[in-house]
1. If you line up the long axis of helix 221-233 against the longest principal axis of the chain, both from Cα atoms, how many degrees apart are they, to the nearest 10?
2. Can you list the equivalent-ellipsoid semi-axes of the range 99-214, largest first and in whole Å, using the square root of 5 times each Cα gyration tensor eigenvalue?
3. Output needed: percent of Cα pairs per 10 Å distance bin for the chain, bins running from 0 to the one holding the longest distance.
4. Name the long-range amide H neighbours of ASP189: under 5 Å, sequence gap of 5 or more, or other chain; modelled H, no Pro or chain starts.
5. Highest first, please rank the peptides 149-156, 206-213 by the mean number of other Cβ atoms sitting within 10 Å of their residues.
6. Based on alpha-carbon centroids, what's the gap between the range 110-156 and the range 36-58 in Å, whole number please?
7. How big is the dipole moment of the range 11-245 about its Cα centre under a simple scheme where the beta carbon of each Lys and Arg is +1, that of each Asp and Glu is -1, and everything else is neutral? Debye, nearest 20, please.
8. Kirkwood Rh over alpha-carbon pairs of the range 214-259, then Stokes-Einstein at 4 °C and 1.567 mPa s: what D in µm² s⁻¹, rounded to an integer?
Amino acid sequence: MNGQNRIEGRAVLVTGASSGIGEACARRFAAAGADLVLWARRIERLEALAADLERQHGAHVRFAAVDVRDRAAVFREAEALREHGWVPDVLVNNAGLAVGLTPLHEGDADDWERMIDTNIKGLLYVTRAFLPHMVERGRGHVVNIGSIAGHQVYPKGNVYAATKHAVRALTHALALDLTGTPIRVSSIDPGLVETEFSIVRFKGDRERAASVYRGLQPLTGDDVADAVLYVVNAPSHVNVLELVLLPTAQRSATVVHRE
């Protein structure tokens, strides 16, 4: 990390931490000396990641299998942390996904439910579980992982784009609701990032997923984690409300140069 490290010793919770952007964020925060809590659905991946971070950085890492769609589980795990005196200084709402890429009139309602429940409702549940305690304590930072799809729609991306537009709206609304508090709110909105994102969207079709990134150098999870660390490490009087992050080959949601 360049310059002053304002992250060391801070309590950080990352959702969707078992892979991709969430895992990259966990690794970067651990390297910066944060006290980590990692949530994801795949407990075995969290176990391996926690062990790796403790071995590499001596990081103190707690983790739990939490599906952010499960409101009761979110509030139960949050309460368990609070009972041990743990409230995040930084909440990274990373858990999210796209499922399917079809015209709206051919869409799968189950796919819609999964995206809405994860990308919008899950983010709301986790934020609601912790934010009152951040406000009461008088410090904190909520970082939402949005998308270029929250700024621009693209063909067949209808419901996913709608969920990310919702994330953007909630980020702005939350910032307004927290006026007069020191709580910061940020959204990191990437374009094409090569993670398991497209594999999930195309339901395991790895060849189709690979084609999304063919002919260009996409962002990596580490690139997005760099942006997250930047906004979190900024001085307390600096709030980056939105940061749109694109590969150089990508100029909008729909304009991409491929070799």
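1. 40 degrees
2. Over the Cα atoms of the range 99-214, the ellipsoid semi-axes are 31, 14, 13 Å.
3. 7, 31, 38, 19, 4, 0
4. The answer is GLY146, LEU243, VAL244, LEU245.
5. Final packing ranking: 149-156, 206-213.
6. 22 Å
7. It comes to approximately 200 debye.
8. Rounded, D is 106 µm²/s.
Quick note: the coordinates plus some simple rules give every number you see, no bench work behind them. These figures come from a predicted structure and were not determined experimentally. We place every Cβ from the backbone using ideal geometry, glycine too, and count neighbours over all the protein chains shown.
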